[in-house]
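Input: a single structure, listed below in structure tokens.
The values are calculated or read from the model by the stated rules, or taken from the named source; none is laboratory data. Note that the structure is a prediction, hence the values are computed from the model and not measured. Every residue, glycine among them, receives a Cβ derived from its backbone with ideal geometry; neighbour counts consider all protein chains shown. We work out accessible area using only protein heavy atoms, side chains counted, and drop any ligands, DNA or RNA first. Shrake-Rupley method; radii C 1.70, N 1.55, O 1.52, S 1.80 Å.
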Amino acid sequence: MSAARVWVALLRGINVGSSHRVSMVDLRAAVAAAGGTEVSTHIQSGNVLLCHRTRDRAKLTTTLEETLAAELGFPVPVVLRSGDELADLLARCPFTGADWDADRRRYVSFLSRPPARELLDTLRAADHGGSSMYVTATEVCVSLVPSAKPGYTDVDRLLKVPSTARAWNVVEKLVTLATRH
């Protein structure tokens with residue numbers, strides 16, 4: 001059997017406001033119940049690092065979602081990336097020049113699956129009000145100007161696929177943690 005793969009599970013909708021509150025101890029236990037090993041969490045917004053023998057993203061996503069719903073008592077959408085995929089995203093960093101100004105906010109929306117090409121093309125072609133947007137089949141990276149209203153955050157509606165967003169610095173930290181995992 002092959003060696004365990006490092007996965008980063010990006011959970012949507014936990015510990016946001018007063019609903020769906022989950023302790024990290026309970027979250028790690030639920031992921032372990034789904035077969036995850038070496039389970040760790042980063043901040044309380046649903047970032048879980050784990051090792052798992054499967055390389056089948058769809059199967060592991062289903063396993064995690066079913067186990068989390070059973071253990072936590074509510075549905076928890078999961079978007080999975082391997083540690084290598086996150087590292088590759090950083091290596092392909094789309095931001096340049098002014099995108100790194102201190103007053104800009106940078107985010108990545110991770111898509112659960114590739115959306116229809118025409119929806120991606122529409123998003124790419126839209127006026128982003130001075131903000132930069134880099135769109136791939138599986139991520140939407142944005143660098144928002146200070147005055148921007150983060151309309152991109154409605155990625156689910158715009159692209160018609162479930163997604164979850166993380167600040168760029170959180171993605172950087174997840175890559176560091178996955179490398180050490």
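Rounded to the nearest whole Hz, the Karplus-based 3J(HN,Hα) values (6.51 cos²θ - 1.76 cosθ + 1.60, θ = phi - 60°) of the range 86-103 follow the sequence 5, 4, 5, 4, 5, 5, 8, 2, x, 7, 9, x, 4, 4, 9, 3, 4, 8, with x at glycine and proline.
Protection proxy ranking for 127-133, 29-35, using the average of other Cβ atoms within 10 Å per residue and placing the highest first: 29-35, 127-133. Given a 1.4 Å probe and the protein chains as shown, Lys160 ends up with an accessible area of around 140 Å².
Would you mind classifying the range 1-99 by shape? Square roots of the alpha carbon gyration tensor eigenvalues, ordered a ≥ b ≥ c; an a/c under 1.5 is rounded, otherwise it is prolate if a/b is larger than b/c and oblate if not. The partial results should precede the final answer.
Values: a/c = 2.15, a/b = 1.22, b/c = 1.76.
Note, shape of the range 1-99 comes out oblate.
Accessible surface area normalised per residue over the chain is 50 Å², counting heavy atoms of protein chains with a 1.4 Å rolling probe. For the range 30-162, the fraction of 1.4 Å probe accessible surface lying on carbon and sulfur atoms is 52 percent.
Per-residue surface analysis assigns Asp84 an accessible area of about 120 Å², computed on protein heavy atoms at 1.4 Å probe radius.
These residues, Ile43, Ile14, go from largest to smallest accessible area, 1.4 Å probe, as Ile43, Ile14.
Model label sites at Arg180 and Met133, defined 7 Å from Cα along the beta-carbon direction, differ in position by 3.5 nm. With a ≥ b ≥ c taken as the square roots of the eigenvalues of the C-alpha gyration tensor of the range 85-181, please select rounded if a/c is under 1.5 and otherwise prolate if a/b is larger than b/c or oblate if it is not? Oblate.
Helical content alone sets the calculated 222 nm signal of the chain at -10000 deg cm²/dmol, taking -39,500 (n - 2.57) per DSSP H segment of four or more residues and averaging over every residue.
Each Lys or Arg adds one and each Asp or Glu takes one away; over the other residues whose Cβ falls under 15 Å from the Cβ of Lys173, this sums to +3. Among Thr37, Thr122, Thr164, the largest mean-square fluctuation in a Gaussian network model of the chain, built with springs joining Cα atoms closer than 10 Å, belongs to Thr122.
With Cβ to Cβ distances under 15 Å as the rule, what net charge do the other residues near Gly36 carry (K, R +1; D, E -1)? Numbers along the way, then the final one.
Values: positive: Arg5, Arg28, Arg53, Arg55, Arg57, Lys59, Arg81; negative: Asp26, Glu38, Asp56, Glu65, Glu66, Glu71.
That works out to +1.
Rounded to the nearest 0.05, what FRET efficiency do Ala126 and Asp103 have when you use their Cβ-Cβ distance and R0 = 25 Å? Rounded to the nearest 0.05, the efficiency is 0.65.
Cβ-Cβ distance of Gln44 and Glu172, R₀ of 22 Å, FRET efficiency by 1/(1 + (r/R0)^6): the value works out to about 0.75.
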